[in-house]
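J.: Structure provided below as structure tokens; questions to follow.
Just so it is clear, none of the values below were taken in a lab; they were calculated from the coordinates. Keep in mind that what you see is a predicted model, and the values were worked out from it rather than measured. In this analysis, Cβ positions are derived from the backbone assuming ideal geometry, glycine residues included, and neighbour counts consider all displayed protein chains.
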Amino acid sequence: MIRLAMLSFWHLHGKDYAQAAQEHPDTKIVAVWDEDPARGREEAVRWGARFYDDLGELLANPEIDAVVVDTPTSAHKDVIIAAARAGKHIFTEKVIAPTLQDTQEIVREVAASGVTFMVSMWRSDEAYTEAITNILNRGLLGTITQLRIRDGHPLGVPTPEHPRGYLPEQFYNVKESLGGALIDLCHPVYLLAHFLGRPSSVSAAFGYVTRREIEDNAIVTFHYPDGAIGVAETSYVSAYTPFSIEAHGTKGSLLYSEDGIGELVARSRSPHPERATSQNGPDGKLYLRSDLLDPESTDWEPQELPAGPHPKAFDKWVTHIRSGTTAPENVALGIELSAVIEASYRSASTGATMHLDSTPSTGEPTADDLEK
């Protein structure tokens, strides 16, 4: 049994990961720490675990094997490095850190400690991601010209029941969150990096629909040396927002759409939930049209998604801990996410296009890195 400590429930997904830990046959929550002691004590009772006022005392306990980090984004660096130095395996909410320098420092410390480290980027583990990756790798679209990914929800929109929106207030505290819709709902960002790699430059535009100090509406444009353009769209203030991916190339296109978080929220709020059925179905639909497959066809051909299982990041993390392995591809994608996030916030604040280092990460620090 892997004995887990939950480090904070600042993020909404903290309860989701606690539930995943409770349901997993190989993990047990034995400890809780939270920068908000009242919240931490409440969650410790909920999950039948011991609450620690002092993080150092928790990390010094040899009977704790691993930690799940859901602290404010601003605390990720200190908490993750402390856990790594204590020899605890680490699962963390995205992003690792909002700057590339801090992320690289965290990754060096984790690598030096030899623990298993994973970042929760759950859309990278889905069947449609595998299917689209396969299509792109086979070259069925020719040279990629555009790739657009959209994800959003209305949880920032005021309602009679929640006049300041459904999201907890800490999400709007810029000193803790370090950003809004882009840094929290960053699935399109890491998926674009997964499909197309690190862009040469990015440009970003933010909207402040609810007039908070953090952005609740964001678009980032990825620029690539070969002329390809990627577009990542996120929002806290869009009503239904099907999650969608479009990829276009010189020889074909693909379209994927499924019910997004916005549609799920709308369905849960429906006065007639029995009528609120899904148009696309739980697995979504992927369509492909390629001259390389059938130049005579004028039809969009539905594509079968790869059969499961497609374990989530948490389950993969547990498997890695059990087998004594690491997850360099996951870590590398987390590094790419931080690189693009940092450049995007700089672009939005300055109005300038921001250029990125052309060398993508492997997720495995070099010997020189470990000596720093």
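J.: Tell me, M1, M118, M6 in order of fewest to most beta-carbon neighbours within 10 Å?
T.: Lowest to highest Cβ neighbour count: M1, M118, M6.
J.: Still on this structure, please answer the following. Give me the count of lysine pairs in the chain whose alpha carbons sit under 26 angstrom apart, restricted to pairs 8 or more positions apart or on different chains.
T.: Lysine pairs meeting the criterion: 28.
J.: Can I ask one more? Quick one: compute the contact order of the chain, relative version, from alpha carbon pairs under 8 angstrom and 6+ residues apart, as a percent.
T.: Relative contact order here is 18 percent.
J.: With each label point set 7 Å from Cα along the Cα-Cβ vector, what nm distance links D53 and D226?
T.: Distance between label points: 5.9 nm.
J.: Still on this model: Going by average Cβ density within 10 Å per residue, which order do the peptides 130-136, 342-348, 299-305 take, highest to lowest?
T.: 342-348, 130-136, 299-305
J.: Using a Förster radius of 22 Å, what is the FRET efficiency between V174 and A352 based on their Cβ-Cβ separation? Nearest 0.05, please.
T.: After rounding, the FRET efficiency stands at 0.55.
J.: Distance in nm between label sites at A60 and K15, each 7 Å beyond Cα in the beta-carbon direction?
T.: Placing both labels 7 Å along Cα→Cβ, they lie 3.4 nm apart.
J.: Choose one answer from D259, D125, D16: the residue with the largest mean-square fluctuation in a GNM of the chain with alpha-carbon springs under 10 Å.
T.: D16
J.: Let me ask you something else. Would you calculate a helix-derived [θ] at 222 nm for the chain, using -39,500 (n - 2.57) for each DSSP H run of n ≥ 4 and dividing by the full residue count, to the nearest 500?
T.: About -10000 deg cm²/dmol.
J.: Between V68, A86, Q101, whose Cα lies farthest towards the positive end of the dipole of region 51-110 when Lys and Arg beta carbons carry +1 and Asp and Glu beta carbons carry -1, centred on the Cα centre?
T.: Q101
J.: Quick one: Kirkwood hydrodynamic radius for the chain, alpha-carbon pairs, angstrom, one decimal?
T.: In the chain this quantity evaluates to 21.6 Å.
J.: Under a 10 Å cutoff between Cα atoms, tell me which one of L293, L59, L333 has the largest fluctuation in the Gaussian network model of the chain.
T.: L293
J.: Taking the chain as a Gaussian network, where each spring joins two C-alpha atoms under 10 Å apart, which residue of R322, R46, R198 fluctuates the most?
T.: R46
J.: With r defined as the distance between the Cβ atoms of E213 and N134 and R0 fixed at 56 Å, what FRET efficiency is calculated, to the nearest 0.05?
T.: Working from the Cβ atoms, E equals 0.85.
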